[in-house]
Amino acid sequence: MTAKTFQDFGIEVRHSSGEEDTTCPQCSESRRNKRARCLSVNIDKGVWTCHHCGWSGGLGIGEQSRPVIVKTWRKPQYQPERVSPSEEAVRWFATRGITREVMERNRIGVCSAYFPQLEDRANAVTFPYLRGEEVINVKYRTKDKHFRMEAGAERVLYGLNDIGETLIWVEGEMDKLSVEVAGFTSCVSVPDGAPTPNTKNYDSKFDFMGAPELEGVKLHIIAVDNDEPGVRLEEELLRRLGRDACKVVRWPAGCKDANDVLRRHGAATLRECIEAAAWVPVEGEHSVSEYAENMDRLYRFGMPRGLRTGWYSVDEFYTVMPGEWTLITGIPGHGKSEWLDALMVQLAQDHGWVFAIFSPENQPTEYHLSKLAEKYTNKPFGDGPTERMTPQEKDQALAFLDEHFVFLLPELPTVDALIERLKSIVKRRGVRGVVLDPWNEIDHSRLSGLSETEYISQSLSKLRAFSRACGVHLWIVAHPTKLQKESDGSYPVPTPYDVAGSAHWRNKADNCIAVWRNTKEHNDQVEIHIQKVRKKAVGRPGLVTLKYQRITGNYLEHSGPFAKAARA
């Protein structure tokens with residue numbers, strides 16, 4: 001019997017080995033974006049799975065399918081062709097510099113709508129959010145700036161139908177209309193504005209990043225508001241879209257957004273501002289003048305600081321800074337992965353972070369999820385002498401983990417392959433933290449003639465560049481070489497120089513941490529040795545003792561004086 005090939009199942013692959021993403025013969029043809037590469041294929045194993053329709057299978061086992069939970073959205077009962085702008089609305093828009101022609105093209109209307117914040121109906125301007133001729137959502141705005149969108153409807157970009165190869169991003173519908181008055185139709189507005197400075201978890205605000213219409217964009221021009229929320233939105237867009245594909249617009253003094261420029265200076269000046277958009281520095285040589293704008297922002301809003309870990313004792317010495325990477329080392333069994341899991345759960349709870357995890361040693365994934373759930377609920381997952389989490393608490397924990405964690409499960413991927421997959425996840429899920437645990441489970445095949453030291457140097461440079469470009473914090477767990485026991489039979493605290501392969505582990509890391517416990521004393525104390533911190537805004541070297549809670553894997557503040565500074 002002749003062995004089957006991928007072509008027998010309609011699957012097109014370009015390579016003879018490895019992993020690749022391609023179109024799905026089951027669903028791609030019927031989708032709006034027929035070129036979406038939603039089918040992941042492992043050529044070596046001869047298996048595939050579609051992340052859209054759930055079709056999966058293998059060359060040896062044939063086709064399979066699994067149910068995929070698809071989120072459904074309510075469609076607004078709104079017909080833009082029956083809603084037109086009143087003369088009063090036309091006059092009001094004219095005071096903001098918006099012409100009747102632009103209003104009619106974007107189907108701006110007026111109606112009476114209910115506003116929960118007013119607990120009453122009010123006359124409002126309507127901004128229909130269209131995909132083709134279909135109304136996906138509607139935003140209602142009163143004269144005194146009360147807003148409402150359709151409950152249960154999908155939050156998409158305002159201006160989806162106008163997306164071209166060069167796309168301008170703004171922060172509100174009025175700004176999108178203003179940009180059109182200036183002569184640019186390829187412009188979108190984010191549906192909910194910028195996240196407020198105190199927003200912890202704003203990942204759901206960026207669900208629009210999955211729009212297939214964005215896949216054809218070659219250049220993004222970021223033209224959001226010149227205020228603190230706008231700065232945060234700009235950084236998040238740059239992080240997800242890729243700084244090398246973005247230009248940034250700066251508004252004249254005294255102007256906060258595109259509509260401000262239009263009203264105060266006119267359409268010609270607004271057009272000049274957009275045409276003067278500058279590339280975002282990525283790498284290479286730069287003049288001081290290029291940093292003047294960012295320096296002004298730092299002066300106004302302060303230097304960035306690392307995020308608190310959830311342990312006050314640890315925060316004195318180590319905080320978590322986006323764009324950096326931390327080496328975690330320790331003797332097997334001393335709790336380095338367990339401590340890192342606890343850190344991730346606390347960052348997700350306190351700051352809303354989303355994590356991507358490559359952790360082959362914590363397989364199967366259900367086992368890893370049970371450990372994370374224990375840290376979230378502070379109760380054991382399994383039955384035993386201690387009260388376990390209830391079914392409701394288990395479901396709550398899984399819902400929390402589904403919102404904040406995504407797992408990478410390729411077998412022996414290369415560093416380059418991991419980086420490419422992670423870039424895609426950062427864009428789609430807004431990942432802020434990445435864990436590679438452990439380093440030795442990555443495929444480290446290297447070119448002939450390249451030494452291990454040279455390979456590690458190049459790999460860590462690539463990972464550092466990825467962290468900085470995407471604004472994520474990366475933790476790499478790496479085992480030390482075999483250490484010599486002390487005279488009492490215990491192992492010494494490992495340092496970055498003990499990690500197998502190269503001194504580059506110490507030299508290239510932004511932060512280095514060793515997790516260690518005295519196995520001779522059989523107690524619950526675990527020492528967190530912060531051995532290197534590059535930036536003083538992040539922390540400083542020091543030693544912290546935490547109490548390990550065995551039934552849940554959590555780490556508690558140690559009673560008494562819980563931290564002491566490292567010796568000079």
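Here, each number is a calculation from the coordinates, and none is a lab measurement. Since this is a predicted model, take the numbers as computed values, not measurements. For neighbour counting, all protein chains shown are included, and Cβ atoms are generated from backbone atoms with ideal geometry for every residue, glycine included.
Quick notes on this structure:
- The HN-Hα couplings worked out from phi for the range 439-452 by the Karplus form 6.51 cos²θ - 1.76 cosθ + 1.60 (θ = phi - 60°) are 4, 6, 8, 8, 6, 10, 4, 10, 5, 4, x, 9, 6, 4 Hz, whole numbers, x standing for Gly and Pro.
- Within the chain, helix-based [θ] at 222 nm, where runs of 4 or more DSSP H residues each add -39,500 (n - 2.57), nearest 500: -8000 deg cm²/dmol
- Based on every Cα atom in the range 80-295, Rg and the maximum pairwise Cα distance Dmax equal 17.4, 58 Å.
- Note that the range 87-102 has calculated 3J(HN,Hα) couplings of 5, 5, 5, 4, 5, 5, 5, 4, 5, 9, x, 9, 8, 4, 4, 5 Hz, one per residue in order, obtained from phi through the Karplus relation 6.51 cos²θ - 1.76 cosθ + 1.60 (θ = phi - 60°); glycine and proline are x.
- Potential extension, Glu133-Glu104 segment - 0.36 nm per residue separation minus Cα distance: 9.0 nm
- Take the Cβ atoms of Glu361 and Asn507, set R0 to 35 Å, and the FRET efficiency comes out at 0.85.
- Here the extension length gained between Lys218 and Leu412 equals 66.6 nm, from 0.36 nm per residue of separation less the Cα-Cα distance.
- Measuring max minus min along each principal axis, the C-alpha atoms of the chain give extents of 90, 70, 57 Å (largest first).
- Placing a label point 7 Å from the Cα of Glu88 along the Cα-to-Cβ direction, the residues of the range 114-137 whose backbone N falls under 18 Å of that point are 114-115, 120-127.
- Considering only the range 80-295, percent of DSSP beta bridges that pair antiparallel, nearest 5: 65 percent
- With the simple spin-label model, which puts each label point 7 Å out from Cα in the Cβ direction, the Glu452 to Thr95 separation comes to 7.4 nm.
- If you take all other residues with their beta carbon under 15 Å from the beta carbon of Ile328, and give Lys and Arg +1 and Asp and Glu -1, the sum is -4.
- Across Lys34/Lys247; Lys371/Lys547; Lys75/Lys143; Lys336/Lys379, pairs whose alpha-carbon gap is larger than 24 Å: Lys34/Lys247; Lys75/Lys143
- Against the chain, whose longest principal axis is taken from its Cα atoms, helix 336-351 shows a tilt of about 20°.
- Likely footprinting exposure, Ser112, Ser56, fewest C-beta neighbours within 10 Å first: Ser112, Ser56
- With distances taken between every two different alpha-carbon atoms, the range 428-469 has a Kirkwood hydrodynamic radius of 12.1 Å.
- Cα gyration tensor shape for the range 343-495, rounded if a/c is under 1.5, else prolate or oblate: oblate
- Under 12 Å, Cβ to Cβ, from Ala537 - net charge with Lys/Arg +1 and Asp/Glu -1: +3
- Rounded tilt (10° steps) of 292-301 against the dominant C-alpha axis of the chain: 80 degrees
- Over the chain, Cα pairs under 8 Å with separation of 6+ residues give a relative contact order of 10 percent.
- Considering only the chain, percent of DSSP beta bridges that pair antiparallel, nearest 5: 65 percent
- Cys residues of the chain counted as unpaired, since no other Cys beta-carbon is under 4.7 Å: Cys38, Cys111, Cys187, Cys246, Cys255, Cys273, Cys470, Cys512
- Pairwise FRET efficiency - Leu398 versus Gln484, Cβ, R0 = 45 Å, nearest 0.05: 0.55
- Counting neighbouring Cβ atoms within 10 Å and putting the fewest first, the residues Val110, Val320 line up as Val110, Val320.
- Across the range 165-173, coupling constants 3J(HN,Hα) worked out from phi with the 6.51/-1.76/1.60 Karplus curve, θ = phi - 60°, read 5, 10, 10, 9, 10, 10, 10, x, 4 Hz, and Gly and Pro carry x.
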